[in-house]
Amino acid sequence: MSLSKLGFDKKLNVSIINPAYVKSYAASLGSRNKTDKKDSMLLARYTYSAKPKLWTPPPAEARHLKSLLSRLDALQEDLQRELNRLEKTEATDTAPIVKASIEQMIVSLQAAIVKLNGDIDDHIDGHPNLKQDQYLLQTIKGVGPVVSKQMMSLMHNKQFSQASQMAAFLGLVPKHSESGLFKGKSRLAKNGSSAVRAKLYMPALVAIKHNSDIKAQYERLLANGKCKMQAVCAAMRKLVHICFGVVKHQQPYQARVELIST
């Protein structure tokens, strides 16, 4: 059990704060030393000044889904490593027993992934709220089973009040660099989970072709002089906004471009 959950269960007021914010706050105060006593005083000053929102734990089914998806990611990473090792054996003088061991591990990992995917589907089917949100997310062109599960887990485990907060959490908001006459290139903030961002890349490319809203935005950005990668990143961000919208309003997705044309 996490310390935050333990504190909440003991009826304490709990807030979860990004450590980077506290570190920057300490630097702004000129704090040089780090001891338990100074850290406690720093946290007290920060919370008094920033007044962070109180945290409440997500429901058990959301926490369970998150743990299942985390385990699935770990197994898939292990499988990819073993596949890379198997490919390496083809180009090196590897003992047959080593190659056989790798092949056996690949079979085991593939079987574990299949079973875990089934467990995830069973878990979602057993909770009507999760099943409904998965259905709504998959009405969005470009969102399939993988992205719908990731977005659903994120929205059920985090307390976002706006789509922009969710996009910022995933590091999909542009970071500007300007000072006086100098104007640097805008780049993605890239905070948050790089694994989730990676899962959004291919769906965004699909959405650019088949989702009329995202396609219209992509073409408009290119016409305004944006490079293709900037337009793709904007498509990823818009896809997140649309995911947030269908779950918040509990309505299947219908493209705005199609609504205007009818």
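Data overview
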item: Search result, residues across the stretch 77-90 that are surrounded by 16 or more Cβ atoms within 10 Å (Cβ to Cβ) and either within 30 Å of Asn157 (Cβ to Cβ) or touching a Ser or Thr at 6+ places or on another chain (Cβ under 6 Å) (or both); result: Asp78, Leu79, Glu82
item: Residue in the stretch 25-32 that is farther than 27 Å from Ser153 by Cβ, part of a helix (DSSP H, G or I) and of a type in the set (A, V, I, L, M, F, W, C) present; result: yes
item: Candidate set: the stretch 22-51, residues that are surrounded by 14 or more Cβ atoms within 10 Å (Cβ to Cβ) and aliphatic (A, V, I, L, M); chosen: the one farthest from Gly192 (Cα to Cα); result: Leu42
item: Selection count, the stretch 120-143, where residues are more than 30 Å from Asp213 (Cβ to Cβ) and surrounded by 14 or more Cβ atoms within 10 Å (Cβ to Cβ); result: 1
item: Near pairs, Cβ below 7 angstrom, 6+ apart or cross-chain, from the stretch 225-238 (under 13 Å from Asn211 (Cβ atoms)) to any residue that is in a loop (DSSP other than H, G, I, E, B) and of a type in the set (A, V, I, L, M); result: Met236/Leu172
item: First in the stretch 126-145 and under 17 Å from Arg256 (Cβ atoms), second anywhere and surrounded by fewer than 14 Cβ atoms within 10 Å (Cβ to Cβ), Cβ under 7 Å, 6 or more apart; result: Leu136/Gln250; Leu136/Pro252; Thr139/Pro252; Lys141/His210; Gly142/His210
item: Those residues of the stretch 146-161 which are without any contact (Cβ under 8 Å) to a residue 60 or more places away in the chain and surrounded by fewer than 18 Cβ atoms within 10 Å (Cβ to Cβ), in sequence order; result: Val146, Ser161
item: Test result for Lys66, among the charged types (D, E, K, R), within 21 Å of the chain's Cα centre (by Cα), surrounded by 16 or more Cβ atoms within 10 Å (Cβ to Cβ) and in a loop (DSSP other than H, G, I, E, B); result: no
item: So Ala100, is it aliphatic (A, V, I, L, M), at pLDDT 90 or above and surrounded by fewer than 15 Cβ atoms within 10 Å (Cβ to Cβ); result: yes
item: Yes/no for Ile113 being outside the structural domain of Ile242 (by TED's automatic domain parsing) and part of a helix (DSSP H, G or I); result: yes
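A quick yes/no check of all residues on (1) loosely packed, with under 14 Cβ neighbours inside 10 Å; (2) under 30 Å from Asn129 (Cα atoms):
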residue: Ala20; (1), (2): yes, no
residue: Leu54; (1), (2): yes, yes
residue: Pro57; (1), (2): no, yes
residue: Ala60; (1), (2): yes, yes
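Let's see how each residue does on (1) in contact with a Ser or Thr (Cβ under 7 Å, 6 or more places away or on another chain); (2) surrounded by 20 or more Cβ atoms within 10 Å (Cβ to Cβ); (3) at pLDDT 95 or above; (4) not polar (S, T, N, Q):
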| residue | (1), (2), (3), (4) |
| --- | --- |
| Ser194 | no, no, no, no |
| Ser212 | no, no, no, no |
| Tyr218 | no, yes, yes, yes |
| Cys233 | no, yes, no, yes |
| Val240 | no, yes, yes, yes |
| Glu258 | yes, no, no, yes |
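The values are calculated or read from the model by the stated rules, or taken from the named source; none is laboratory data. Everything quoted here is computed from the prediction, not taken from an experiment. Cβ atoms come from the backbone with ideal geometry, glycine included; neighbour counts cover every protein chain shown.
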